[in-house]
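Structure first, then comments.
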Amino acid sequence: MTGLVAAVGRSAGHTFGKPAGADCSPRGDAPGFVEVADDKTLLVPDRRGNNRIDSLRNVVKNPDVGLLFLVPGADETFRVNGRAGLSVAPGLLRRFDVRGKPPKTVLVVRVEEAFMQCSRALIRSDLWNPDRFVGSRTLPSAGVMLAAHTGGRVDAAEYDARAAEEVPKTPY
């Protein structure tokens with residue numbers, strides 16, 4: 001599991017159960033950002049995001065988790081199911097420090113099952129084919145979607161301009 005997780009760690013999607021349903025949110029960083037602590041334990045730093053903390057709240061209520069690891073260009077995926085907890089241990093947080101910024105928490109996943117997933121879905125979708133990528137100009141911007149979602153309380157142009165300037169400067 002160690003070599004595989006180190007190689008595929010570029011992007012991982014997590015699903016977390018909660019009493020009212022499930023939540024799925026992406027995680028990603030440089031390859032190897034998910035650390036294999038031992039044969040049955042994965043460590044996932046919780047990096048800066050949209051501050052909704054849905055996943056973290058859900059783990060506190062229900063520790064059952066599922067992780068899906070995607071490798072850009074590879075059609076196979078790697079799935080992990082298990083139970084998780086949150087750690088704020090200073091030594092553990094420091095291990096995941098990037099650019100002088102440790103994560104706020106580390107998700108500690110006790111692996112109950114891990115397996116490769118069949119490649120058919122990604123092959124059918126032609127996911128990694130750049131000729132099939134949708135250009136960002138084709139989609140509504142995040143600001144436009146937030147303006148629609150909030151009934152106009154968010155100014156789309158202002159949001160998009162601020163995000164274009166701030167987000168690349170503050171990944172951690």
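All of the numbers you see were taken from the coordinates with simple rules; none came from a lab. The shown structure was predicted, so the numbers you read here are calculated from the model rather than taken from an experiment. Cβ coordinates were reconstructed from backbone atoms using ideal geometry, including for glycine residues, and neighbour counts include every protein chain displayed.
Close amide H pairs (under 5 Å, H built 1.01 Å from N) link Thr77 with Gln117, residues at least 5 positions away or on another chain.
Working out 0.36 nm times the residue gap between Val60 and Gln117, then minus their Cα-Cα distance, what length gain in nm do you get to one decimal? Walk me through the numbers before you get to the answer.
Numbers: separation 57, 0.36 × 57 = 20.52 nm, distance 2.77 nm.
Value of the extension gain: 17.7 nm.
Rounded to the nearest 500 deg cm²/dmol, what is the calculated helix-only ellipticity per residue at 222 nm for the chain, with -39500 (n - 2.57) per DSSP H run of length n ≥ 4?
Values: 6 runs with 46 residues, N = 172.
That comes out to -7000 deg cm²/dmol.
Considering only C-alpha atoms, what is the centroid distance from region 37-91 to region 149-172, in Å? Measuring centre to centre over Cα atoms gives 26 Å.
The residues neighbouring Gly143, those whose beta-carbon lies less than 9 Å from its own, together hold a net charge of -2 under the Lys/Arg +1, Asp/Glu -1 convention.
Between beta-carbons, use under 12 Å as the cut-off and find the net charge around Gly49, counting Lys and Arg +1, Asp and Glu -1.
Details: positive: Arg27, Arg47, Arg48, Arg52, Lys104; negative: Asp29, Asp46, Asp54.
In short, +2.
If you work out mean projected area of the Cα convex hull in nm² from the coordinates, which of (i) 11.8; (ii) 15.4; (iii) 13.1 do you get? Computing mean projected area of the Cα convex hull in nm² and matching it to (i) 11.8; (ii) 15.4; (iii) 13.1 gives (i). Under the shape rule built on the C-alpha gyration tensor, where the axes satisfy a ≥ b ≥ c, region 108-155 is oblate, since a/c reaches at least 1.5 while a/b does not exceed b/c.
Coupling constants for region 86-102 follow from the phi torsions by the Karplus curve (6.51 cos²θ - 1.76 cosθ + 1.60, θ = phi - 60°), and in residue order they are 10, 10, 10, 4, x, x, 5, 4, 4, 4, 10, 4, 10, 6, x, 10, x Hz; glycine and proline get x.
Under a Cβ-Cβ cut-off of 11 Å, what is the net charge of the residues other than Leu93 that fall near it, where Lys and Arg count +1 and Asp and Glu count -1?
It works out to a net charge of +2.
Taking amide hydrogens as placed 1.01 Å from N in the peptide plane, the amide H of Ala37 sits under 5 Å from those of Leu42, Leu43, each at least 5 positions away in sequence or on another chain.
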